[in-house]
1. Assuming Ala55 fulfils every condition listed in (1) outside any helix (DSSP H, G or I); (2) in contact with a Lys or Arg (Cβ under 9 Å, 6 or more places away or on another chain); (3) surrounded by 12 or more Cβ atoms within 10 Å (Cβ to Cβ) apart from one, which condition is it?
2. So, of the residues in the stretch 251-295 that are among the hydroxyl-bearing types (Ser, Thr, Tyr) and under 14 Å from Arg384 (Cβ atoms), which turns out to be farthest from the chain's Cα centre (by Cα)?
3. Would it be correct to say that Ala307 is modelled with pLDDT under 95, part of a helix (DSSP H, G or I) and crowded, with 21+ Cβ neighbours inside 10 Å?
4. Which condition breaks for Val50 when tested against (1) crowded, with 18+ Cβ neighbours inside 10 Å; (2) touching a Phe, Trp or Tyr at 6+ places or on another chain (Cβ under 6 Å); (3) in contact (Cβ under 8 Å) with a residue 40 or more places away in the chain?
5. In this structure, does Ser327 turn out to be assigned to a helix (DSSP H, G or I), among the small types (Gly, Ala, Ser), touching a residue at least 12 places away in the same chain (Cβ under 8 Å) and over 16 Å from Leu225 (Cα atoms)?
6. Could you go through the stretch 103-110 and let me know if any residue there is assigned by TED's automatic domain parsing to the domain that holds Val12, among the polar types (S, T, N, Q) and farther than 20 Å from Glu7 by Cβ.
7. Just need a number here: residues in the stretch 27-44 that are out of contact with any helix residue (DSSP H, G or I) (no Cβ under 6 Å at 6 or more places or on another chain) and over 20 Å from Val70 (Cβ atoms).
8. Only one of His237, His213 is modelled with pLDDT of 90 or more, crowded, with 23+ Cβ neighbours inside 10 Å and in contact with an Asp or Glu (Cβ under 6 Å, 6 or more places away or on another chain); which?
Amino acid sequence: MADLDPETLLHVTLSGDVFLKSRRTQRRFIQRVRSNLTEAVQAAGYVGEVRRRGAHRFQLTPDPEQMDAVRLAARSVFGISSVDSVRAVPFGTMDELARRVGEMASARVRGRTFAARVKRRGTHDWNSMDLAMQIGSELYSVSGGVDLTSPEVEVRVDVFDASAFLVVDHQKGAGGLPLGSQDRVLCLVSGGFDSVVAAWMLMSRGCPVDFVHFSLNCAQADHALAVARELWSRWGHGTNPVVHLVEFEPVRDALFADVDPRMRQVALKVLMTQAASEIAESVNIAALLTGDALGQVSSQTLPHLVAVSKSSPTPILRPLLGLPKESIIDLARIVGTAELSARAQEVCDLSAGGPVATAASERAISETMERIPEDVVRDALRTRKTFALSDWTPGQF
């Protein structure tokens, strides 16, 4: 990473998902990004202005000791394509600008191949290619040559009207749509890899995520909520998720008492989904969210997923459906929850070590559900505790 100095600024560029919208939608999305960005960087210690710079960027002026934290926070805001560390380059003419860029970039370019890249907006008597060629002329003598295809160093310059900036560090942002620009969903969170990655994917499309956890073990409930809060603290800027915690041990006991061991897994999935649907309806949430991946476990085979979907009045979103486990774990590493999720305990296995159904018919599933007392889910929902995720502490319940 390039060395930074007190003159370094941050330029935060909006994602294409934001600035390719209609003007009306774009204004709403930009307002949301700005609000979420402000919350994120203030939490990282930033006290300066979040200034609009042109149509698609914001400019921040963190102190040097804040730079790393503020940049990291800005990169985790959905709706942001990139975060650039830049230095202002005063200029009057194109030749003067090229000369000063050459002076500022010569140490990075020395003995290495390079390419000059220019983005320009405004009215000038020269174009981007003219400036790039002139910068190339300034740097050529100290460099290892020009390589426009695979250079060792890219010298990037952004010009906005009478202002120019040398990009000294370019980092990818979260991308996607600003969190809060779409409607809320309710995620069935377990504490493993899958559900939290599914939540992150919907957050990247603008959906705030609330969580429901069906507790079969107190320690695992704490673990699941810890994973959910890790996700939210890293990526949930501008939101404060609600958690619904439901005691499901009596439901498990009923399954052991009344259901064939081969059918318990899919029956548990159906009951959790039905309970989540009732909660979603009670709080005006239009869709459930799960970490289901096709064929990953017995309750996630195609026949069983279809049966679960039919059992729920509320639509179920499954963004991980076609992903292999390795890809899901890779995404969990990006999210920052992989290490924590790896510690999850398996508490949903009700098979007692025997074989389980993987393609039970709708009739078999329906007959299984008829054996379960009608008041089991209703009684479980009476145990529901609802609270803000930000208020939760381990061992609280």
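1. Unmet condition: (3).
2. First, pick out the residues of the stretch 251-295 that are among the hydroxyl-bearing types (Ser, Thr, Tyr): 273, 277, 282, 290.
Still in the list and also under 14 Å from Arg384 (Cβ atoms): 277, 282.
Values: Ser277: 24, Ser282: 27 Å.
Here the residue is Ser282.
3. Taking the combined requirement at face value, the residue satisfies it.
4. (3)
5. When the stated conditions are applied, Ser327 does not pass them.
6. No; the residues of the stretch 103-110 include none that is assigned by TED's automatic domain parsing to the domain that holds Val12, among the polar types (S, T, N, Q) and farther than 20 Å from Glu7 by Cβ.
7. 3
8. His237
The values are calculated or read from the model by the stated rules, or taken from the named source; none is laboratory data. Values in this document were obtained by computation on a predicted structure and should not be read as measured data. Every residue, glycine among them, receives a Cβ derived from its backbone with ideal geometry; neighbour counts consider all protein chains shown.
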